[in-house]
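Q: Next up is a structure, given as structure tokens.
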Amino acid sequence: MAVAWETSVRRRDVLVRTGTTVAALAVGGPAVKAAGNEESARKLKIIVAGGHPGDPEYGCGGTVARYTSLGQQVVLLYLNNGEWPASQGGAPAATRMAEASKACEILKARPAYAGQFNGHAVLDIPHFDDFRRVLEAEHPDVVFTQWPIDHHRDHRATSALAFDAWLQMGKKFALYYYEVSDGEDTLQFSPTHYVDITATEATKRAACYAHASQTPDRYYALQDQVAKFRGIEAGCERAEAFILQVQSPRQPLPGGV
């Protein structure tokens with residue numbers, strides 16, 4: 001049984017490496033062996049967009065911690081404030097926003113909100129334009145957004161808004177997609193890049209657990225399974241995985257493996 005499992009892992013590793021090599025050719029550069037462990041001369045502005053408070057932390061918390069440890073500026077941009085009716089077991093806006101502020105403090109990031117409503121994301125010209133203006137005001141070098149094939153509508157809306165802003169802004173920033181609870185929410189995600197988050201996992205965990213109203217015992221366990229699996233693929237203990245949008249400018253990830 002052990003031999004079979006090891007053979008399966010090796011076979012999967014070959015397939016993953018092959019897939020990332022093909023992806024690298026599509027974007028015009030190396031996919032897995034991305035540089036970026038050294039601090040760049042110019043400070044970067046990083047935006048991590050998520051449907052709700054907690055999404056950026058769960059999907060990118062370890063990577064955010066790596067960025068901020070280098071002195072880079074990171075903004076967690078939430079599509080909505082996470083408010084949900086108490087009659088349906090939800091937490092009020094004040095609670096969700098306080099949790100987000102605490103999580104951002106742990107990650108040394110800054111919270112921002114796009115002004116939409118939980119579970120009622122709107123994709124029309126005014127909302128596309130509003131989201132683009134938020135990004136334009138931040139002048140990002142890198143934007144991380146949710147994968148367009150997620151179960152949650154707010155996740156899919158966030159992805160569409162970020163992609164449209166990237167197009168309208170002339171594809172000037174690197175656009176990466178991230179996953180949350182792969183298989184439980186994110187589907188058909190085949191990474192092109194990995195970030196080793198072994199050293200920043202504790203910070204990520206603390207930021208996720210700051211969202212105490214959102215049953216972190218359940219959801220962090222799911223996300224940590226993903227991180228361990230991506231670590232197997234990347235050759236480290238834990239990793240976060242990303243897909244680089246084709247035609248994005250080169251922007252190495254911190255701790256890329």
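The values are calculated or read from the model by the stated rules, or taken from the named source; none is laboratory data. In this text, all values refer to a predicted model and were calculated from it rather than measured experimentally. A quick note on method: Cβ atoms are made from the backbone with ideal geometry, for glycine too, and the neighbour counts reach across all protein chains shown.
Q: Need at least 2 residues that are in contact (Cβ under 8 Å) with a residue 60 or more places away in the chain and farther than 28 Å from Ala91 by Cα per element, so show me which helices (runs of 4 or more DSSP H) inside the range 130-234 make the cut, counting only ones lying wholly within it.
A: Where helices (runs of 4 or more DSSP H) fall fully within the range 130-234 and carry at least 2 residues being in contact (Cβ under 8 Å) with a residue 60 or more places away in the chain and farther than 28 Å from Ala91 by Cα, they are 153-168, 216-234.
Q: Gln168 fails exactly one of the following numbered conditions: (1) crowded, with 21+ Cβ neighbours inside 10 Å; (2) touching a helix residue (DSSP H, G or I) at 6+ places or on another chain (Cβ under 7 Å); (3) among the polar types (S, T, N, Q). What is the number of that condition?
A: (1)
Q: Considering only residues that are crowded, with 18+ Cβ neighbours inside 10 Å and of a type in the set (A, V, I, L, M, F, W, C), which ones fall in the range 129-146?
A: Answer for the range 129-146, where residues must be crowded, with 18+ Cβ neighbours inside 10 Å and of a type in the set (A, V, I, L, M, F, W, C): Phe131, Val134, Leu135, Val142, Val143, Phe144.
Q: If you check Gly231 against the conditions, is it modelled with pLDDT under 95 and not charged (D, E, K, R)?
A: no
Yes/no per residue for (1) out of contact with any Lys or Arg (no Cβ under 8 Å at 6 or more places or on another chain); (2) of a type outside the set (Gly, Ala, Ser); (3) on the phi < 0 side of the Ramachandran plot:
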| residue | (1), (2), (3) |
| --- | --- |
| Phe144 | yes, yes, yes |
| Pro148 | no, yes, yes |
| Arg153 | yes, yes, yes |
| Ser159 | yes, no, yes |
| Leu167 | yes, yes, yes |
| Tyr176 | yes, yes, yes |
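Q: State the number of residues belonging to the range 219-235 that are buried (at least 18 other Cβ atoms within 10 Å of the Cβ) and of a type outside the set (Asp, Glu).
A: 8
Q: Test His120 against the criterion of being surrounded by fewer than 14 Cβ atoms within 10 Å (Cβ to Cβ) and closer than 26 Å to Trp84 by Cβ, and give yes or no.
A: yes
Q: Restricting to the range 76-116, and then to whatever is at pLDDT below 95 and part of a loop (DSSP other than H, G, I, E, B), can you tell me which residue is nearest to Phe163 (Cα to Cα)?
A: Gly82
Q: Given the residues Pro126, Pro56, which is the only one that is touching a residue at least 40 places away in the same chain (Cβ under 8 Å) and not acidic (Asp, Glu)?
A: That would be Pro56, the only listed residue that is touching a residue at least 40 places away in the same chain (Cβ under 8 Å) and not acidic (Asp, Glu).
Q: Looking at (1) in contact with a Ser or Thr (Cβ under 9 Å, 6 or more places away or on another chain); (2) under 23 Å from Lys45 (Cβ atoms), find the lone condition where Ala137 falls short.
A: Only one criterion in (1) in contact with a Ser or Thr (Cβ under 9 Å, 6 or more places away or on another chain); (2) under 23 Å from Lys45 (Cβ atoms) is unmet by Ala137, namely (1).
Q: If you take the residues of the range 236-257 that are polar (S, T, N, Q), at pLDDT 95 or above and at negative phi, which of them is surrounded by the most Cβ atoms within 10 Å (Cβ to Cβ)?
A: Gln245
Q: Taking into account only those residues within the range 30-70 that are part of a loop (DSSP other than H, G, I, E, B) and at pLDDT 90 or above, which is farthest from Glu179 (Cα to Cα)?
A: It comes out as Lys43.
Q: Of the conditions (1) outside any helix (DSSP H, G or I); (2) polar (S, T, N, Q); (3) within 23 Å of Leu107 (Cα to Cα), Gln247 clears all except one; give me its number.
A: Among (1) outside any helix (DSSP H, G or I); (2) polar (S, T, N, Q); (3) within 23 Å of Leu107 (Cα to Cα), Gln247 violates only (3).
Q: Another question, if that's okay. Between residues in the range 64-77 that are within 12 Å of Ile106 (Cβ to Cβ) and residues that are in a loop (DSSP other than H, G, I, E, B) and among the acidic types (Asp, Glu), which pairs lie under 9 Å by C-beta distance while being six or more apart or on different chains?
A: Cβ pairs passing all conditions: none.
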